[in-house]
1. Determine whether A88 is modelled with pLDDT under 95, in contact with a Gly (Cβ under 7 Å, 6 or more places away or on another chain), at negative phi and among the hydrophobic types (A, V, I, L, M, F, W, C).
2. When you check T211 against the structure, is it in a helix (DSSP H, G or I), among the hydroxyl-bearing types (S, T, Y), within 19 Å of D7 (Cβ to Cβ) and touching a His at 6+ places or on another chain (Cβ under 9 Å), yes or no?
3. Just give me the residues in the stretch 26-77 being surrounded by fewer than 16 Cβ atoms within 10 Å (Cβ to Cβ), charged (D, E, K, R) and part of a loop (DSSP other than H, G, I, E, B), in sequence order.
4. (1) under 27 Å from S41 (Cβ atoms); (2) touching a residue at least 60 places away in the same chain (Cβ under 8 Å); (3) open to solvent by less than 10 Å² (accessible area, probe 1.4 Å); (4) out of contact with any Cys (no Cβ under 7 Å at 6 or more places or on another chain): which one isn't true of V136, the others all being true?
5. Anything in the stretch 83-110 that is surrounded by 13 or more Cβ atoms within 10 Å (Cβ to Cβ) and of a type outside the set (A, V, I, L, M)? List them, or say none.
Amino acid sequence: MHFIGIDLAWSVRNPTGGAVIEGDVKGGRLLDTALLSDDASVLTYVEKHAGDGPAIVAIDAPLTVPNLSGRRPAEAEVGAVFGRFQAAAHPTNRTRLADAAGVVRGEALTQALEARGFIHDPRIPAGDPVRRVIEVYPHPAMVALFGLTRTLKYKNKGQDREVLLEAWAALHRHLAALGEADPFLTGLDAHLVVDPSALRGRALKDHEDRTDAIICAYIALYAHRWGLERTEVLGTLDGGYIFTPTLPERWDIARLQEVFP
């Protein structure tokens with residue numbers, strides 16, 4: 001199986017992060033990271049690594065946005081479960097996301113992937129060689145995967161640089177520890193040797209985009225390992241959802257649902 005993470009920029013003017021893991025239910029190895037541009041480059045990247053075979057493409061971007069304003073129920077549910085960890089989601093609507101032609105980038109990319117044989121459905125059976133595309137969100141995923149009490153402030157939003165670099169150091173430690181996780185992830189050495197303290201501006205943002213893509217790809221690997229046993233689908237397929245590894249006290253919640261809510 002190939003597990004492809006896409007940290008999709010909301011505009012093609014900004015780079016999109018890409019990452020690929022190859023593996024099975026036991027674990028995987030990071031094969032590649034990349035900085036991509038327009039939708040054509042994203043699709044080429046997926047085709048190069050997935051071919052016609054089984055793969056899960058996990059995209060950090062809204063893939064279904066039916067509402068013109070406000071927020072999707074998915075954002076409300078993420079806030080209800082993960083808000084206490086500072087991992088709530090920003091409101092998503094077409095007014096914020098659609099371009100001048102009314103196109104939401106994540107929706108268009110999903111349609112293009114469906115035309116290439118991917119099924120847009122986050123109900124992933126554990127261990128099955130599926131070909132899926134799903135919407136993910138790294139912040140709640142990292143809370144669940146790393147046992148965080150609050151999100152890591154590694155994104156440069158004007159905070160003190162010492163705080164920023166402490167968050168990066170913690171994130172690198174957590175990523176390195178995935179080598180012993182279930183499922184495990186190896187092949188991170190070339191990525192983790194990068195020293196965020198030596199980066200500023202665009203160079204640091206590029207490292208962030210690649211890192212987020214790795215996390216998205218790992219979420220896909222985790223989905224393959226656990227199915228709905230240790231993950232959760234917040235929201236609905238028609239109204240918009242977010243797929244994420246979930247908190248230990250919520251394991252098995254989604255698995256008990258025979259149909260999508």
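The values are calculated or read from the model by the stated rules, or taken from the named source; none is laboratory data. Keep in mind the model is a prediction, meaning the values are calculated, not measured. Methodologically, a virtual Cβ is constructed for each residue, glycine included, from the backbone with ideal geometry; neighbour enumeration extends over all protein chains shown. SASA here: full protein model, heavy atoms, side chains in, ligands and nucleic acids out. Shrake-Rupley method; radii C 1.70, N 1.55, O 1.52, S 1.80 Å.
1. For A88, the condition - modelled with pLDDT under 95, in contact with a Gly (Cβ under 7 Å, 6 or more places away or on another chain), at negative phi and among the hydrophobic types (A, V, I, L, M, F, W, C) - is met.
2. yes
3. K26, D38, D52
4. Of the numbered conditions (1) under 27 Å from S41 (Cβ atoms); (2) touching a residue at least 60 places away in the same chain (Cβ under 8 Å); (3) open to solvent by less than 10 Å² (accessible area, probe 1.4 Å); (4) out of contact with any Cys (no Cβ under 7 Å at 6 or more places or on another chain), the odd one out for V136 is (4).
5. G83, F85, Q86, P91, T92, N93, R94, R96, R105, G106, E107, T110, listed by residue number.
To keep it simple, each residue is scored yes or no on (1) over 25 Å from E77 (Cα atoms); (2) open to solvent by less than 10 Å² (accessible area, probe 1.4 Å); (3) assigned to a helix (DSSP H, G or I).
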| residue | (1), (2), (3) |
| --- | --- |
| P140 | no, yes, yes |
| L148 | no, no, no |
| Y154 | no, yes, no |
| Q159 | yes, no, no |
| V163 | yes, no, yes |
| L175 | yes, yes, yes |
| D182 | yes, no, no |
